[in-house]
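The values are calculated or read from the model by the stated rules, or taken from the named source; none is laboratory data. Small disclaimer: the values here were computed from a predicted structure and weren't measured. No Cβ is skipped: glycine too gets one built from the backbone with ideal geometry, and neighbour counts run over all protein chains shown. When the accessible area is computed, the model is the full protein with side chains, heavy atoms only, and any ligands, DNA or RNA have been set aside. Shrake-Rupley method; radii C 1.70, N 1.55, O 1.52, S 1.80 Å.
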Amino acid sequence: SGLMGAGTISWIRSQSRVKVDAAMALTFSSFFSIGIILISVLRNNIDLDSFLFGDILGTTITDIYRTASVTALVITATWLSYKELLFYTFDRTGAEAMGLPVRVIHLGFMCAITLTIIASMQAVGVILVISLLVGPALTAYLLVKELHQMMIVGAIIGATSSLSGVYLSFYLKNVPSGPAIVIVSSVLFILALLFSPSQGIITQRLRLPS
């Protein structure tokens, strides 16, 4: 279903003027609604709360193997196609003029995002997974300039947010782990937004001549 959603997003993007973020929002929300309807109609025993907000303590060894497989697949694909991906990301028209298969690159990019979302749902749930996907990347964007640096720093921030959120939910009773992870990620973004050496709001104001 996830890969079908990625294919739908790629198809909408190639057949219309709809931007990719709007296509993602519409497609994922539609698939999410279909899933909720199926759970209700079929009267499945799935715990809807853990499905929506995650339950990292309920992670099984199968979930760990699945996450590790997705991680290895995404890292390998990114490493093998880094130059093409970099060119496509910053200049789609130029990449198409150079003869790169931009539609294949876009479809692969959507599949990688979808697989990452699926692998992360157990930890933070369907609703919060987008925040965890975007938050560390935005924080890294404020701290470094090169794309490969953003990937490394974003991964470190994501891991730090996850670990800190789990400990926070453990010491603060009755706090779900998924929202705690996202809150830590959001706090790190706010700190970077204010104090980033190159783009921080407060840092830039301090540099202004008095």
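When only residues in segment 170-191 that are modelled with pLDDT of 85 or more, buried (at least 20 other Cβ atoms within 10 Å of the Cβ) and among the small types (Gly, Ala, Ser) count, which is farthest from Met150 (Cα to Cα)?
Checking each candidate, the answer is Ala180.
Which residue, of Val166, Val144, Val182, Val187, is within 14 Å of the chain's Cα centre (by Cα) and farther than 20 Å from Ala77 by Cβ?
Numbers: Val166 fails: within 14 Å of the chain's Cα centre (by Cα); Val144 fails: within 14 Å of the chain's Cα centre (by Cα); Val187 fails: within 14 Å of the chain's Cα centre (by Cα).
None of the other options fit; the residue is Val182.
Can you tell me how many residues within segment 120-167 are touching a residue at least 24 places away in the same chain (Cβ under 8 Å) and over 22 Å from Ile183 (Cβ atoms)?
Residues meeting the conditions: 4.
Which helices (runs of 4 or more DSSP H) does segment 1-95 wholly contain that include 2 or more residues that are within 29 Å of Tyr167 (Cα to Cα) and outside the structural domain of Ala159 (by the TED database)?
Working: elements: 2-15, 20-41, 48-53, 61-80, 82-90.
The qualifying helices (runs of 4 or more DSSP H) are 48-53, 61-80.
Can you tell me how many residues within segment 158-194 are assigned to a helix (DSSP H, G or I), within 20 Å of Val126 (Cα to Cα) and hydrophobic (A, V, I, L, M, F, W, C)?
Counting residues in segment 158-194 that are assigned to a helix (DSSP H, G or I), within 20 Å of Val126 (Cα to Cα) and hydrophobic (A, V, I, L, M, F, W, C) gives 8.
Residues of segment 74-87 being open to solvent by less than 100 Å² (accessible area, probe 1.4 Å) and among the hydrophobic types (A, V, I, L, M, F, W, C), which ones?
Scanning segment 74-87 gives Val74, Ala77, Leu85, Leu86, Phe87.
Does segment 70-83 contain any residue that is at positive phi and more than 17 Å from the chain's Cα centre (by Cα)? It would help to see each step written out before you state the result.
First pass over segment 70-83, keeping only residues at positive phi: none.
No, segment 70-83 has no match at all.
State whether the residues of segment 188-203 include one that is hydroxyl-bearing (Ser, Thr, Tyr) and closer than 30 Å to Gly58 by Cα.
Residues of segment 188-203 that are hydroxyl-bearing (Ser, Thr, Tyr), as a first pass: 196, 198, 203.
Still in the list and also closer than 30 Å to Gly58 by Cα: none.
No, because not a single residue in segment 188-203 is hydroxyl-bearing (Ser, Thr, Tyr) and closer than 30 Å to Gly58 by Cα.
Run Phe90 past the list (1) surrounded by 13 or more Cβ atoms within 10 Å (Cβ to Cβ); (2) among the aromatic types (Phe, Trp, Tyr); (3) more than 17 Å from the chain's Cα centre (by Cα); (4) closer than 30 Å to Gln149 by Cβ and report the number of the one that doesn't hold.
So the condition that Phe90 fails would be (1).
Name the single residue that is nearest to Leu138 (Cα to Cα) among those in segment 198-210 being of a type outside the set (S, T, N, Q) and without any contact (Cβ under 8 Å) to a residue 24 or more places away in the chain. Walk me through how you get there before you give the answer.
Taking segment 198-210 and keeping what is of a type outside the set (S, T, N, Q), we get 200-202, 205-209.
Checking which are without any contact (Cβ under 8 Å) to a residue 24 or more places away in the chain leaves us with 201-202, 205-209.
Working: Ile201: 15, Ile202: 18, Arg205: 21, Leu206: 23, Arg207: 23, Leu208: 25, Pro209: 28 Å.
Selected residue: Ile201.
Restricting to segment 93-119, what's the tally of residues that are in contact (Cβ under 8 Å) with a residue 40 or more places away in the chain and under 18 Å from the mean Cα position of the chain (by Cα)?
Within segment 93-119, the first condition is being in contact (Cβ under 8 Å) with a residue 40 or more places away in the chain, and the residues that meet it are 103, 106-107, 110-111, 113-119.
Adding the requirement that they be under 18 Å from the mean Cα position of the chain (by Cα) leaves 106-107, 110-111, 113-119.
Residues in segment 93-119 being in contact (Cβ under 8 Å) with a residue 40 or more places away in the chain and under 18 Å from the mean Cα position of the chain (by Cα): 11 in total.
Kindly indicate the residue of segment 11-22 that is closer than 21 Å to Ile130 by Cβ and modelled with pLDDT under 80 and also most open to solvent (accessible area, probe 1.4 Å) among those meeting that condition.
Looking at residues that are closer than 21 Å to Ile130 by Cβ and modelled with pLDDT under 80, I get Lys19.
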